[in-house]
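The values are calculated or read from the model by the stated rules, or taken from the named source; none is laboratory data. In this text, all values refer to a predicted model and were calculated from it rather than measured experimentally. So basically every Cβ, Gly included, is an ideal-geometry build from the backbone, and we count neighbours across all protein chains shown.
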Amino acid sequence: MTWETRFDWPDNVHIDYGFPLVWSTQTLSTIIGPVNLWTVDVTALMMNLILWLGIMLITASIMLYFFNKKSSNEEKR
C-alpha cells in the first residue's frame, strides 16, 4: 500500500502511492512554486485492499490445503 513512485518533472514534482492502482498523489512542486497537495482516490484504495486481501486469502488457502494433505497422509500410516 505504501509503494511510491516519484516523478521529477520540471513543472510538476509529485509522488504516486499504491500498487497496482495509484490511490494517492502528493504534489510537491508545480510551475507556480512549491506546494503540498494531496489527492486521494478512495475507490482505487478499496480496490487495492480487496486485491491484496484476496491474494493473501488464496495463498493461505493453498498452503492450508497442502499442509493438511500432508498431515492427513501421515495420520493414515
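Could you tell me how many of the residues in segment 17-43 are in contact (Cβ under 8 Å) with a residue 24 or more places away in the chain and surrounded by 16 or more Cβ atoms within 10 Å (Cβ to Cβ)? Walk me through it before giving the result.
Residues of segment 17-43 that are in contact (Cβ under 8 Å) with a residue 24 or more places away in the chain, as a first pass: 18-21, 23.
Keeping just the survivors that are surrounded by 16 or more Cβ atoms within 10 Å (Cβ to Cβ) gives 18, 23.
Qualifying residue count for the region: 2.
Read through the list (1) at pLDDT below 95; (2) out of contact with any helix residue (DSSP H, G or I) (no Cβ under 6 Å at 6 or more places or on another chain), then give the number of the only condition that MET56 fails.
Condition (1) is where MET56 drops out.
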